[in-house]
Amino acid sequence: MTEPGHIDQQDDHLAISGDWILPHYATLKRRVEGLAKIREPSPLGIDLSQIADLDTAGATLLMELVGSEQLAAIDDWAPALPAPRRALLRTLGEAMVGHSPPALRPARPVRDFLAETGQRVDGLWQQQRQLLGFIGLTLATLAATLWHPRRWRPTAVVAQVHQTGLNALPIVALLTFLVGAVVAFLGATVLRDFGATIYTVNLVAFAFLREFGVLLAAILLAGRTASAFTAQLGAMKANEELDAIRTLGLDPMELLVLPRVLALMLTLPILTFVGMLSGILGGALVCLVALDISAVQFVAILERDIAVQHFLVGIGKAPLFAFVVAVIGCLEGFKVSGSAQSVGEHTTSSVVQSIFMVILLDAVAALFCMEMGW
Amino acid sequence: MSEMPPPLIRVRDLENRFGRHVVHQGLDLELYPGEVLGVVGGSGTGKSVLLRSIVGLHRPSAGRIEVFGEDLQRLSPRERSRVERRFGVLFQRGALFTSLNLQENVALPLIEHIGLSRADAEGLARVKLALAGLPAKAAIQYPAELSGGMIKRAALARALALDPEVLFLDEPTAGLDPIGAAAFDQLLLTLRDALGLSVFLVTHDLDTLYTACDRVAVLAQGRVLVAGRLESVATTEDAWIHDYFHGPRGRAAEGAARTAKES
């Protein structure tokens, strides 16, 4: 390890010696600052010839000592220095002449807070407007392609169904199975006090046919697929692939968005159906083990008490949820700008938004169905 | 140049293959202290793979690479980081951190490795950015707001952040306008002279080869076909080398370099 450089001051004469290199930066900076207080920068009487080792960090500190203009003119006042060293100091001086550190805006907490609040509210409003616009655009593109079978993209749709549907089946089945068991346990516990444990069957069936099957599948899809759509399209946007599609005279809506939206609208009803079955299966298992309700009895109660309309209410919501999830995922992907951070932000936003919208729509639908007596 | 000092980087018998595709086979190359070595070759001859192998981003299929006399692949992570601090890499597309502004990009290694305070590191970062030819206000801009040329310059500033001994440049002048590219070549020479840098330069830019490079290595058929001073390389009997250096662009660059030397 080398020794940090020194500045020796005698009257008006500065002798600079030793190593002026990056590892000693902090020490050297203290020495320079200690000196700068006493002394006005001037090149007269500065001796640089004793410097042993010098790099750009050291040169920067020397510049603070003498000023960039003086450093740029080093050939005039220190011609005895070796040429490469003069070149370094001169280059640095020339580069920094007229440079002042960019002024940072002073912090104004109250104003910044208000501005931030306003920006967020406006952002929220813009987001909803864009979402509505994008939904419109998707529907318009769909309508335009609908009558031209040659512009349909069955391969892309099937590939998306494979990725978003088939590959998601195991996790959807497992999750709904477990939640089904939990609901049955809850029902058994609460209904035992009324001696009505037999109604656990109805509870599980109602819950899964009307709400939980579609809701759980949609939330899983939002977490699993909306994020994937955003990341895929975002990476394509950052790589200018979307621009390339446009300049080739193709429409990214038709090429990328429609297959994804249609695939999800096919996928979610299937996933919902699987979710319903698997949730009821979980409930049936708990009924069998904890309540001594046999499978035959379970099915008989289902047949007797549960009308098919509950199934229809549940599965009818699936395409709607799928549409919203897919559209939000794609739109957030299109909003990505170049940076890695922006990909992260929009992926987060797409998952949060799509889960929020799914639950909101489900609440509205529940209210509507109740009023309609469905 | 007859008495060569020991090389900083020595590549011996390097072999790189991706599946059945052989990129390098029996590749030997040295980088000597204080020189600017230009590595040229047709597209797909593995120039970037060679660079990535040397800096330790790609594990070669076989062969030995010594950097400062040590084999990077055999070092512990700590020792490796110590060696890696001694070289700076400028990637083809800059590879700036998009979530940091330029001065933060350059200050990052200074804070992490040298332990400078944030204010000191950013002050030093601004100097490096100015040295790379960027205006003062660029320091607080983000990479997404900059042109390709400015990103190259900022990436050079980051590569120079720790005052490295060896600089690896992957096509540094690609995407720069001719004036910017010429200034870049000049900057490279100034820094090389001032800091005693050694430079490993992958390039297609013939002007850079003629103005900035001390030695040129030609990559072809998976190995270094010929390495040496530009004049001797350019006269090597090989169809590709002949087309490369004596095609219309090669002749123009040579003419320009000669005029520059005479004036």
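Could you tell me whether the stretch B:205-215 includes any residue that is part of a loop (DSSP other than H, G, I, E, B), in contact (Cβ under 8 Å) with a residue 24 or more places away in the chain and crowded, with 23+ Cβ neighbours inside 10 Å?
Yes.
Quick one: in the stretch A:93-121, which of the residues that are open to solvent by 80 Å² or more (accessible area, probe 1.4 Å) and either charged (D, E, K, R) or assigned by TED's automatic domain parsing to the domain that holds A:D76 (or both) is nearest to the chain's Cα centre (by Cα)?
Residues of the stretch A:93-121 that are open to solvent by 80 Å² or more (accessible area, probe 1.4 Å), as a first pass: A:94, A:101, A:103-111, A:113-114, A:116, A:119-121.
Then keep just the ones that are either charged (D, E, K, R) or assigned by TED's automatic domain parsing to the domain that holds A:D76 (or both); that gives A:94, A:105, A:108, A:111, A:116, A:120.
Numbers: A:E94: 43, A:R105: 28, A:R108: 29, A:R111: 28, A:E116: 20, A:R120: 17 Å.
The qualifying residue nearest to the chain's Cα centre (by Cα) is A:R120.
Select, from A:S342, A:S337, A:S278, the only residue that is out of contact with any Ser or Thr (no Cβ under 7 Å at 6 or more places or on another chain), of a type in the set (S, T, N, Q) and open to solvent by less than 50 Å² (accessible area, probe 1.4 Å). Steps first, please.
Numbers: A:S337 fails: open to solvent by less than 50 Å² (accessible area, probe 1.4 Å); A:S278 fails: out of contact with any Ser or Thr (no Cβ under 7 Å at 6 or more places or on another chain).
A:S342 is the lone residue from the list that is out of contact with any Ser or Thr (no Cβ under 7 Å at 6 or more places or on another chain), of a type in the set (S, T, N, Q) and open to solvent by less than 50 Å² (accessible area, probe 1.4 Å).
Condition first: open to solvent by 80 Å² or more (accessible area, probe 1.4 Å), farther than 19 Å from A:G329 by Cβ, free of Cβ contacts under 8 Å to residues at least 40 places away in the same chain and not assigned by TED's automatic domain parsing to the domain that holds A:V261. Can you find one or more residues in the stretch A:130-153 that meet it?
There is no residue in the stretch A:130-153 that is open to solvent by 80 Å² or more (accessible area, probe 1.4 Å), farther than 19 Å from A:G329 by Cβ, free of Cβ contacts under 8 Å to residues at least 40 places away in the same chain and not assigned by TED's automatic domain parsing to the domain that holds A:V261.
Could you list, in sequence order, all residues of the stretch B:48-100 that are within 14 Å of chain A (Cβ to nearest Cβ) and β-branched (V, I, T)?
Initially, the stretch B:48-100 is screened for residues within 14 Å of chain A (Cβ to nearest Cβ), giving B:82, B:85-86, B:88, B:93-100.
Listed by number, the list holds a single entry, B:T98.
Six or more apart or on different chains, Cβ atoms under 9 Å: show the pairs whose first residue is in the stretch A:54-71 and facing chain B (nearest Cβ under 8 Å) and whose second is hydroxyl-bearing (S, T, Y).
Final answer for the pair search is A:A57/A:Y25; A:T60/A:Y25.
Return yes or no: is B:A136 more than 17 Å from the chain's Cα centre (by Cα) and touching a residue at least 40 places away in the same chain (Cβ under 8 Å)? Break it down stepwise before answering.
On the way: more than 17 Å from the chain's Cα centre (by Cα): yes; touching a residue at least 40 places away in the same chain (Cβ under 8 Å): no.
Taking the combined requirement at face value, the residue does not satisfy it.
B:A157 - would you say it is within 13 Å of another protein chain (Cβ to nearest Cβ) and either on the phi > 0 side of the Ramachandran plot or part of a helix (DSSP H, G or I) (or both)?
Values: within 13 Å of another protein chain (Cβ to nearest Cβ): yes; either on the phi > 0 side of the Ramachandran plot or part of a helix (DSSP H, G or I) (or both): yes.
Judged against the criteria, B:A157 is a match.
Regarding A:A231, is this residue open to solvent by less than 20 Å² (accessible area, probe 1.4 Å) and either touching a helix residue (DSSP H, G or I) at 6+ places or on another chain (Cβ under 6 Å) or not assigned by TED's automatic domain parsing to the domain that holds A:A340 (or both)? Explain how you work it out, then say what you get.
Details: open to solvent by less than 20 Å² (accessible area, probe 1.4 Å): no; either touching a helix residue (DSSP H, G or I) at 6+ places or on another chain (Cβ under 6 Å) or not assigned by TED's automatic domain parsing to the domain that holds A:A340 (or both): yes.
Against the criterion (open to solvent by less than 20 Å² (accessible area, probe 1.4 Å) and either touching a helix residue (DSSP H, G or I) at 6+ places or on another chain (Cβ under 6 Å) or not assigned by TED's automatic domain parsing to the domain that holds A:A340 (or both)), A:A231 does not qualify.
Among the residues that make up the stretch B:166-180, is at least one of them within 9 Å of chain A (Cβ to nearest Cβ) and at pLDDT 85 or above?
Step one: filter the stretch B:166-180 for residues within 9 Å of chain A (Cβ to nearest Cβ), giving none.
No: zero hits.
Of the conditions (1) open to solvent by 10 Å² or more (accessible area, probe 1.4 Å); (2) at the interface with chain A (Cβ under 7 Å from one of its Cβ atoms), B:P135 fails just one. Which one is it?
Here B:P135 clears every test but (2).
Where residues in the stretch B:138-177 are within 26 Å of B:D193 (Cβ to Cβ) and of a type in the set (D, E), which of them is most open to solvent (accessible area, probe 1.4 Å)?
B:D177
At pLDDT 90 or above, assigned to a helix (DSSP H, G or I) and open to solvent by less than 30 Å² (accessible area, probe 1.4 Å): is that true of A:V313 in this structure?
Details: at pLDDT 90 or above: yes; assigned to a helix (DSSP H, G or I): yes; open to solvent by less than 30 Å² (accessible area, probe 1.4 Å): yes.
Here the answer is yes, as A:V313 does meet what is asked.
So if I check each of A:L169, A:L186, which one is on the phi < 0 side of the Ramachandran plot and open to solvent by less than 80 Å² (accessible area, probe 1.4 Å)?
On the way: A:L186 fails: open to solvent by less than 80 Å² (accessible area, probe 1.4 Å).
It is A:L169.
List every residue pair whose Cβ atoms lie under 7 Å apart, where the two residues are 6 or more positions apart in sequence or sit on different chains, the first residue falls within the stretch A:329-352 and is closer than 15 Å to A:L242 by Cα, and the second residue, located anywhere, is charged (D, E, K, R) and part of a helix (DSSP H, G or I).
These pairs meet every condition: A:C330/A:R260; A:G333/A:K237; A:F334/A:K237; A:V336/A:K237.
Tell me, yes or no, whether the stretch B:187-202 has at least one residue that is closer than 27 Å to A:A340 by Cβ, out of contact with any Asp or Glu (no Cβ under 6 Å at 6 or more places or on another chain), within 14 Å of another protein chain (Cβ to nearest Cβ) and crowded, with 23+ Cβ neighbours inside 10 Å.
Initial filter on the stretch B:187-202 (closer than 27 Å to A:A340 by Cβ): B:202.
From what is left, the residues that are out of contact with any Asp or Glu (no Cβ under 6 Å at 6 or more places or on another chain) are none.
No: the stretch B:187-202 contains no residue that is closer than 27 Å to A:A340 by Cβ, out of contact with any Asp or Glu (no Cβ under 6 Å at 6 or more places or on another chain), within 14 Å of another protein chain (Cβ to nearest Cβ) and crowded, with 23+ Cβ neighbours inside 10 Å.
Does the stretch A:155-166 hold any residues that are of a type in the set (S, T, Y) and open to solvent by 40 Å² or more (accessible area, probe 1.4 Å), and which are they? Give the derivation first.
Initially, the stretch A:155-166 is screened for residues of a type in the set (S, T, Y), giving A:155, A:164.
Across the stretch A:155-166, the qualifying residue is only A:T155.
Please verify whether the stretch A:280-290 includes one or more residues that are touching a residue at least 60 places away in the same chain (Cβ under 8 Å) and under 30 Å from B:R93 (Cβ atoms).
So the first thing to find is which residues in the stretch A:280-290 are touching a residue at least 60 places away in the same chain (Cβ under 8 Å), and the list is A:280-287, A:290.
Still in the running and under 30 Å from B:R93 (Cβ atoms): none.
For the stretch A:280-290, residues touching a residue at least 60 places away in the same chain (Cβ under 8 Å) and under 30 Å from B:R93 (Cβ atoms): absent.
Closer than 19 Å to B:A174 by Cβ and open to solvent by less than 40 Å² (accessible area, probe 1.4 Å) - does that describe any residue in the stretch B:223-240? Even if it seems obvious, please write down each step before you answer.
We begin by selecting, within the stretch B:223-240, every residue closer than 19 Å to B:A174 by Cβ; these are none.
No, because not a single residue in the stretch B:223-240 is closer than 19 Å to B:A174 by Cβ and open to solvent by less than 40 Å² (accessible area, probe 1.4 Å).
Counting residues that are surrounded by fewer than 19 Cβ atoms within 10 Å (Cβ to Cβ), which strands (runs of 3 or more DSSP E) fully inside the stretch B:13-95 reach at least 1? Steps first, answer last, please.
On the way: elements: B:21-31, B:36-41, B:62-67, B:87-90.
Passing ranges, in order: B:21-31, B:62-67.
Considering each residue of the stretch A:282-307, count those that are open to solvent by 20 Å² or more (accessible area, probe 1.4 Å) and either over 13 Å from A:L203 (Cα atoms) or outside any helix (DSSP H, G or I) (or both), and give that number. Outline the logic, then answer.
Step one: of the stretch A:282-307, the residues open to solvent by 20 Å² or more (accessible area, probe 1.4 Å) are A:284-285, A:288-292, A:294-297, A:299-300, A:302-307.
So of that shortlist, the ones also either over 13 Å from A:L203 (Cα atoms) or outside any helix (DSSP H, G or I) (or both) come out as A:285, A:288-292, A:294-297, A:299-300, A:303-304, A:306-307.
Qualifying residue count for the region: 16.
Out of the stretch B:110-130, which residues are within 11 Å of chain A (Cβ to nearest Cβ) and either in contact (Cβ under 8 Å) with a residue 60 or more places away in the chain or charged (D, E, K, R) (or both)? Don't jump to the end; show me each part of the working.
Step one: filter the stretch B:110-130 for residues within 11 Å of chain A (Cβ to nearest Cβ), giving B:110, B:113-117, B:119-130.
Across the stretch B:110-130, the qualifying residues are B:D120, B:E122, B:R126, B:K128.
The values are calculated or read from the model by the stated rules, or taken from the named source; none is laboratory data. Just so we're clear, the structure is a prediction, and the values are computed from it rather than from any experiment. Every residue, glycine as well, gets a Cβ built from its backbone with ideal geometry; the counts of neighbours run over all protein chains shown. To get the accessible areas, we keep the full protein, side chains included, count just its heavy atoms, and leave off ligands, DNA and RNA. Shrake-Rupley method; radii C 1.70, N 1.55, O 1.52, S 1.80 Å.
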